[in-house]
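Participant: To start, I am sharing the structure in question, which I have written as structure tokens.
The values are calculated or read from the model by the stated rules, or taken from the named source; none is laboratory data. Everything numeric here is computed off the predicted structure, so don't read it as measured data. Cβ sites come from the backbone with ideal geometry, for glycine too, and all protein chains shown count toward neighbours.
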Amino acid sequence: MIPGSNVLNMAFNLIGQQSVSWLVATGRTQNALGNWIVTYAAPVTVKGSWQPIDAAKYTLLGLDMAKKYFTLYASASVLPVERGTSGDLIEYNGRRYQVEDETDWFGVDGWREVKCVDIGAAA
């Protein structure tokens, strides 16, 4: 495939998409106790492919077996947790997920693969 052809959008013609809510981390401040409080923008609906990560791959990927992980493939610049930042959140099917890791094809083909961990019920 040619860079810039966005193979993900081509695949969506065959596999379909799900709608998820994307909450962009807009900043963080410390409260009086020294805990970081993260602020998020209002949710934006994004279409993509939401896939569970096979538990058999958890060890290979260094994931915590006590948690549930999913991958989102989307044409959106979703950002993971990094040093000094909190990362974005995804809400899907009544649950909230922290974006933990990414494979960034956004600059080349306009999409990202992000790994998300379930952090509880959506607010």
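Participant: With the condition kept exactly as written, say whether any residue in the range 51-69 is within 18 Å of SER21 (Cβ to Cβ), of a type in the set (Lys, Arg), modelled with pLDDT of 90 or more and not in a loop (DSSP other than H, G, I, E, B).
Facilitator: No, the range 51-69 contains no residue that is within 18 Å of SER21 (Cβ to Cβ), of a type in the set (Lys, Arg), modelled with pLDDT of 90 or more and not in a loop (DSSP other than H, G, I, E, B).
Participant: Search the range 2-49 for residues being outside any strand (DSSP E or B) and at positive phi, and hand back the single one that is modelled with the lowest pLDDT.
Facilitator: Step by step, filter the range 2-49, then rank; the result is GLY4.
Participant: Step by step: first the residues of the range 63-89, then only those that are of a type outside the set (A, V, I, L, M, F, W, C) and under 13 Å from VAL117 (Cα atoms), then the one that is surrounded by the fewest Cβ atoms within 10 Å (Cβ to Cβ). Which residue is that?
Facilitator: ASP64
Participant: Can you name every one of the strands (runs of 3 or more DSSP E) wholly within the range 70-123 that holds 1 or more residues which are aromatic (Phe, Trp, Tyr)?
Facilitator: Correct list: 89-92, 95-104.
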